[in-house]
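Here the structure is laid out as structure tokens; the discussion comes afterwards.
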Amino acid sequence: MIQEALKSLRKGEMVLVFDADNRERETDMIVAAEHITPEHIKVMRNDAGGLICVPVSHENSEKLGIPYMTDVMNEASEAFPVLGKLSPYDIPYDEKSAFSITVNHRKTFTGITDNDRALTIRELAEICRDGRHSEFGDLFRSPGHVTLLRATDGHVTRRKGHTEMSIALMEMAGLTGVAVCCEMMDDRTGNSLPTEDAMRYAREHDLIFMSGAELIESYREFRS
């Protein structure tokens with residue numbers, strides 16, 4: 001299954017990944033940022049419905065100089081004390097938030113349209129792929145409508161979130177360490193989409209569905 005998933009990602013197709021029963025219990029749509037199109041954004045917006053985010057590898061995050069949002073809040077809490085009180089110390093499924101800053105490419109208009117978000121994401125992947133990290137501040141503005149996520153150093157060997165799983169897939173596929181992910185929501189219950197329904201969606205749309213456990217095991221073998 002992992003090899004089929006990697007082939008799909010290289011072709012610009014989405015894959016579905018369920019994290020774990022003891023974590024978020026969510027299935028995310030995942031696609032390579034360098035292959036993102038407005039059509040991908042439309043599908044994620046309509047068929048997944050969660051927050052469209054952009055996981056960035058630890059290495060690329062360091063070179064871009066993007067912080068964790070919690071670090072920004074900590075630094076600003078002296079001037080704005082409420083930010084200290086808002087610290088996400090009580091996340092029920094994890095010990096740390098992967099959220100970083102939000103951005104728009106400077107060529108976008110509002111930044112929220114399918115076309116604008118695809119442009120922002122694709123251009124971010126391109127500067128990381130080409131080693132042009134120093135151009136980040138010149139080409140992008142913040143805040144924006146594309147939410148960046150910072151992957152933990154070591155990726156799924158250290159943290160088992162969809163952020164790290166997305167980047168592990170990019171690494172194994174030989175793609176740029178920038179991905180796009182979106183949680184699949186359930187219109188009927190208002191919760192995350194049940195795993196059985198996510199698997200059914202994958203079958204109906206000829207997409208690869210895989211578990212986080214399978215992905216993590218494959219990544220450990222890849223890194224060994």
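Condition (residue is in contact with a helix residue (DSSP H, G or I) (Cβ under 7 Å, 6 or more places away or on another chain), open to solvent by 20 Å² or more (accessible area, probe 1.4 Å) and aliphatic (A, V, I, L, M)) applied to region 199-210: is it met by at least one residue?
Within region 199-210, one or more residues are in contact with a helix residue (DSSP H, G or I) (Cβ under 7 Å, 6 or more places away or on another chain), open to solvent by 20 Å² or more (accessible area, probe 1.4 Å) and aliphatic (A, V, I, L, M).
Which of the residues belonging to region 172-224 are without any contact (Cβ under 8 Å) to a residue 60 or more places away in the chain, of a type in the set (S, T, N, Q) and under 28 Å from residue 60 (Cβ atoms)?
If the condition is that a residue be without any contact (Cβ under 8 Å) to a residue 60 or more places away in the chain, of a type in the set (S, T, N, Q) and under 28 Å from residue 60 (Cβ atoms), then 224 is the only one that fits.
Could we say that residue 220 is part of a helix (DSSP H, G or I) and basic (Lys, Arg) here?
On the way: part of a helix (DSSP H, G or I): yes; basic (Lys, Arg): yes.
So residue 220 passes the test.
Determine, yes or no, whether residue 199 is of a type outside the set (D, E, K, R), touching a Phe, Trp or Tyr at 6+ places or on another chain (Cβ under 7 Å) and under 21 Å from residue 50 (Cβ atoms).
Working: of a type outside the set (D, E, K, R): yes; touching a Phe, Trp or Tyr at 6+ places or on another chain (Cβ under 7 Å): yes; under 21 Å from residue 50 (Cβ atoms): yes.
Yes: the conditions hold for residue 199.
What number of residues within region 88-108 satisfy the criterion of being farther than 14 Å from residue 51 by Cα and hydroxyl-bearing (Ser, Thr, Tyr)?
Of the residues in that region, 4 qualify.
Before we move on, is residue 97 closer than 14 Å to residue 150 by Cα, in contact with a Lys or Arg (Cβ under 6 Å, 6 or more places away or on another chain) and small (Gly, Ala, Ser)?
So residue 97 does not fit the description; no.
Filter region 177-217 down to the residues that are assigned to a helix (DSSP H, G or I) and among the acidic types (Asp, Glu), then identify the one that is modelled with the highest pLDDT.
Looking only at region 177-217, we keep the residues that are assigned to a helix (DSSP H, G or I), and these are 195-204, 212-217.
Checking the rest, the ones that are also among the acidic types (Asp, Glu) come to 196-197, 204, 214, 217.
On the way: 196: 94, 197: 95, 204: 98, 214: 92, 217: 93.
Only one residue fits best here, namely 204.
Looking at this structure, is residue 121 of a type in the set (A, V, I, L, M, F, W, C), open to solvent by 50 Å² or more (accessible area, probe 1.4 Å) and touching a residue at least 24 places away in the same chain (Cβ under 8 Å)? If you could, list the steps in order and put the result at the bottom.
Numbers: of a type in the set (A, V, I, L, M, F, W, C): yes; open to solvent by 50 Å² or more (accessible area, probe 1.4 Å): no; touching a residue at least 24 places away in the same chain (Cβ under 8 Å): yes.
No; evaluated as a whole, the condition is false for this residue.
Return the only residue of 55, 67 being open to solvent by less than 50 Å² (accessible area, probe 1.4 Å) and either of a type in the set (A, V, I, L, M, F, W, C) or closer than 15 Å to residue 121 by Cα (or both). First the steps, then the outcome.
Numbers: 67 fails: either of a type in the set (A, V, I, L, M, F, W, C) or closer than 15 Å to residue 121 by Cα (or both).
Testing whether each residue is open to solvent by less than 50 Å² (accessible area, probe 1.4 Å) and either of a type in the set (A, V, I, L, M, F, W, C) or closer than 15 Å to residue 121 by Cα (or both) leaves just 55.
Looking only at region 4-52, count every residue that is farther than 17 Å from residue 111 by Cα, at pLDDT 95 or above, polar (S, T, N, Q) and open to solvent by 20 Å² or more (accessible area, probe 1.4 Å) and tell me the total.
Number satisfying all stated conditions: 1.
For region 76-101, enumerate the residues that are open to solvent by less than 40 Å² (accessible area, probe 1.4 Å) and touching a helix residue (DSSP H, G or I) at 6+ places or on another chain (Cβ under 9 Å).
76, 77, 84, 97, 98, 100, 101
The values are calculated or read from the model by the stated rules, or taken from the named source; none is laboratory data. None of the values given here were measured: they were computed from a predicted structure. In this analysis, Cβ positions are derived from the backbone assuming ideal geometry, glycine residues included, and neighbour counts consider all displayed protein chains. Keep in mind that these areas ignore ligands, DNA and RNA; they rest on the heavy atoms of the full protein, side chains included. Shrake-Rupley method; radii C 1.70, N 1.55, O 1.52, S 1.80 Å.
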